[in-house]
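Down below is the structure, laid out as C-alpha cells.
The values are calculated or read from the model by the stated rules, or taken from the named source; none is laboratory data. Keep in mind the model is a prediction, meaning the values are calculated, not measured. Every residue, glycine as well, gets a Cβ built from its backbone with ideal geometry; the counts of neighbours run over all protein chains shown. Surface accessibility is based on the protein's heavy atoms, side chains included, excluding ligands, DNA and RNA. Shrake-Rupley method; radii C 1.70, N 1.55, O 1.52, S 1.80 Å.
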2 protein chains.
Amino acid sequence: MTPYSEKDEQIALLAKAMGHPARVAIIRLLLKKQTCICGDIVDELPLSQSTVSQHLKELKEAGLIQGEITGVKTCYCIDESNWEKIGKLFDGLFNTTYKAKSCC
Amino acid sequence: MTPYSEKDEQIALLAKAMGHPARVAIIRLLLKKQTCICGDIVDELPLSQSTVSQHLKELKEAGLIQGEITGVKTCYCIDESNWEKIGKLFDGLFNTTYKAKSCC
DNA sequence: CTTATTAATCGTAATTTTACGATTAATAAG
DNA sequence: CTTATTAATCGTAAAATTACGATTAATAAG
C-alpha cells in the first residue's frame, strides 16, 4: 500500500509526533516530573487547554505516551512498553557512524 | 522570543525534518549507498523530481544533509559535522530510561 | 440535586506542508 | 553555437497542522 518500508513509516510517524517544540516539552516534562496530570501540563505550556489536549492526543496516537483517566482528571505518562523500542529505532538510524564516501 | 527551550526547538526542528517517510528513506539511502546524486535518489523514490528536490532542501535546511554541485549534477551526503551531535540529542531524550512514577 | 472542575471534542480560521507540472539556469556534449 | 541533461525554483491546488474559544461529558464537591 505504502511505497515506503515499515520501518521508515514508523520512524517518520514518531519523528512527526516529536516535530513540535510543545510536544518535545511535554515529553521532557513527563520524563522529569512526578506529576503528569493534564492540567499541570497545561500550566507549564504557553498554550490553551484545548491545544495542549490536541498535542497530548497526537503523542498518544504515536504511542509515545499513555493517558489514564482517574475521576475528573487524566494522568499522562510515557508509554513504557514502547519507550525502549522507540529509543532503539532512533538509535539504529542516528547512531550509524557515517563514513565519508568518495562522492562528496 | 520563542517560549520553548533552545534544545526543545532544536529537537523539534530535526524531528520535523525526519517526519516524512520519503525523507527517512533519503537519509537511509545516503547512509547506505555510495551514490548520492540527486537523480539517483529521485529514481529510488515514488515521487517527482521537484518533490524530491523539495524534500532534499528541507533535510539540508535542518542540517541533516549537505549538497555539493559538481557540474550539472548535485551530490548529496549526510552532514558529517552535525550527524554525531544530532544522534546525541535524540539519544539524550529517547534513551532516558523511564522509571514508572506513582501517578500512573 | 445543583454546582464546580477537569479534560475531550467540535467548529473554524490561518498557516504550513505536500505534491505536481512547467520553467529556468547551468553545465556538458555534439 | 546548438542541443541535451540535470536539478532548482515557481506557481498552484489539495490536504494537514496549529491554535483558539465554545461546548460537552463526566466526576467531585456542596
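Just a few scattered comments:
- Sole residue being over 23 Å from A:Tyr4 (Cα atoms) and either in a strand (DSSP E or B) or within 11 Å of DNA strand D (Cβ to nearest atom) (or both), chosen from B:Ile41, B:Ile86, B:Ile69: B:Ile69
- For segment A:67-104, a tally of residues being open to solvent by 90 Å² or more (accessible area, probe 1.4 Å), under 17 Å from the mean Cα position of the chain (by Cα) and either facing chain B (nearest Cβ under 7 Å) or modelled with pLDDT of 95 or more (or both) returns 2.
- Residue ID - surrounded by the fewest Cβ atoms within 10 Å (Cβ to Cβ), chosen from residues in segment A:9-21 that are facing chain B (nearest Cβ under 7 Å) and part of a helix (DSSP H, G or I): A:Glu9
- Some residue of segment B:48-65 being within 16 Å of DNA strand C (Cβ to nearest atom), open to solvent by 50 Å² or more (accessible area, probe 1.4 Å) and at the interface with chain A (Cβ under 10 Å from one of its Cβ atoms): no
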